[in-house]
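Encoded as structure tokens, the structure appears first; notes follow it.
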Amino acid sequence: MHFVDQDFFRCLFLLGLLPHLLFGFNLGLPSGLYDEFGCAINEGYFWCGSSSRCLKGWDTCEDGAADPVDCQLRASGLTWDLVPLRRSASSDYFLYAAGLSNVSIIFNVCGNAGTPWDKGCHQTFGVGHNQAQVLPAPAFAMDEGAKECKRLGGSVLGGKNMKMSMIDPMDPMLGVSITYSGGNSCQGLPLYNCVQPISEMDIALDDRSARGDVCRHSMEVSVKCHPGLTSTPTFEDIRIYQPCTYRLTLHSVHGCPLECPRDKQGRICGAQGVCQFERQFDGHTLTYSEPHCLCEAPYKGPSCSSDFHSILSKQRLVGPFLPIVGTVPPYVIFIVFVAAFAAIGWKSLRARRLGIMLWAHTRRLLNKQAALAHKKAEPMEPIEMAGPNPMVLSKKEDAVML
């Protein structure tokens with residue numbers, strides 16, 4: 001059964017008629033077991049704000065499925081879009097708080113999370129009187145040890161209880177931050193330390209409000225720019241700063257400005273460079289010029305998606321001819337392939353024949369050189385020498401005798 005008017009429920013509840021209309025007149029259920037929307041708490045019913053009805057058991061409250069929340073930040077001439085990080089209630093983000101193994105967090109980005117009814121989160125309470133909350137929330141903190149659940153923010157339907165800002169206005173590539181406010185009241189530190197102080201009206205004149213140490217639970221989600229994480233983001237540990245503030249950091253390409261050049265996979269500068277800006281300050285407003293990529297060597301191009309090897313790759317060479325090949329009849333392609341293989345075979349055969357001829361010519365030259373070397377190495381025939389002239393000897397002897 002669907003109901004649309006929330007005020008109608010409250011009027012019937014104040015008149016005492018709503019419990020009887022929903023569950024009959026003869027059940028005799030005590031009125032204290034119904035919440036302000038007429039949901040029978042003792043029967044396990046809880047209020048679902050997105051569909052405006054009481055749910056029970058395994059019914060899923062898709063609180064974050066249809067939130068028309070603007071999830072874009074426009075600042076200093078740049079734009080961030082976190083819509084791709086938003087999830088439905090059936091796939092909310094789930095993490096454990098750092099150092100607290102019993103504390104788990106369910107949250108959504110730019111949307112309300114599904115109410116974890118099985119953890120007792122359909123109705124959560126804060127400190128002081130009249131601090132119960134039943135409306136959807138962007139985040140829940142569940143303490144398994146204490147068996148309690150807290151809302152870390154009020155409903156963000158229509159953009160309420162949510163604020164987006166740059167993490168560092170001087171560095172747009174650092175990312176953006178989302179702050180959820182309006183959660184359950186909590187016992188905090190002195191008033192000046194509260195991220196969201198609570199007013200005396202909210203605390204219903206509780207004694208603690210006079211001391212200024214009552215705050216509201218809040219959560220800060222920092223989405224840092226990561227040029228290569230285009231699908232599932234990575235998370236750092238959830239930290240609890242002061243008793244009432246939870247802080248979480250995640251890394252995703254959606255934390256980068258939309259103006260940064262992207263490749264076909266959606267990566268900033270192809271994950272091979274840095275997106276750079278030039279600051280422009282006119283004395284009143286800080287803006288940034290059109291971003292550009294500073295690529296690492298050997299990458300280049302507007303998005304650092306090309307290099308020397310990619311230019312000569314087969315994909316770039318064959319790509320332009322694919323439409324032409326698709327219009328050619330199959331038999332023509334077959335003939336071309338046969339002719340190509342025949343040409344390759346002819347070249348191979350010719351090269352082999354030339355190789356054989358060169359080998360034969362080289363062998364003949366080697367044989368000639370070997371024959372010449374053998375001929376030079378043969379011994380020479382002896383040469384006959386004439387004997388001494390007796391006339392010359394007799395003249396030499398006569399000269400000695402004299």
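Since every read-out is calculated from the coordinates, none of them should be taken as a lab result. Owing to the predicted nature of the structure, the values given are computational and were not obtained by experimental measurement. Please note: Cβ atoms are built from the backbone with ideal geometry, for glycine as well, and neighbour counts cover all protein chains shown.
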**Report entry** Across 119/163; 119/150; 56/119; 264/300, pairs whose alpha-carbon gap is larger than 21 Å
**Finding:** 119/163
Query raised in the report: For the stretch 243-251, what does the Karplus curve 6.51 cos²θ - 1.76 cosθ + 1.60, with θ = phi - 60°, yield as ³J(HN,Hα) per residue in whole Hz, taken in order and with x for Gly and Pro?
Result: x, 10, 10, 10, 10, 9, 10, 10, 10
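Normalised by the residues of the stretch 269-308, what does the relative contact order come to in percent, with Cα pairs under 8 Å and at least six apart?
Working: 67 pairs, mean separation 16.7, N = 40.
Value for the stretch 269-308: 42 percent.
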**Report entry** Total formal charge among the other residues, if their Cβ is under 13 angstrom from that of residue 345, Lys/Arg +1 and Asp/Glu -1
**Finding:** +4
**Report entry** Estimated dipole of the stretch 230-279 in Debye, rounded to 20 [Cβ of Lys and Arg +1, of Asp and Glu -1, Cα centre]
**Finding:** 40 debye
Requested in this report: Taking H placed 1.01 Å from N in the peptide plane, check which residues at least 5 places from residue 96 or on another chain put their amide H under 5 Å from its amide H.
Outcome: 105
Report task. Over all directions, average the projected area of the Cα convex hull of the stretch 71-166 and note it in nm². Result -> 7.5 nm²
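Per residue, what volume in Å³ does the Cα convex hull of the stretch 269-308 take up? Please report the intermediate quantities before stating the final value.
Working: hull volume 2.1 nm³, N = 40.
In the stretch 269-308, the Cα hull volume divided by residue count equals 52 Å³.
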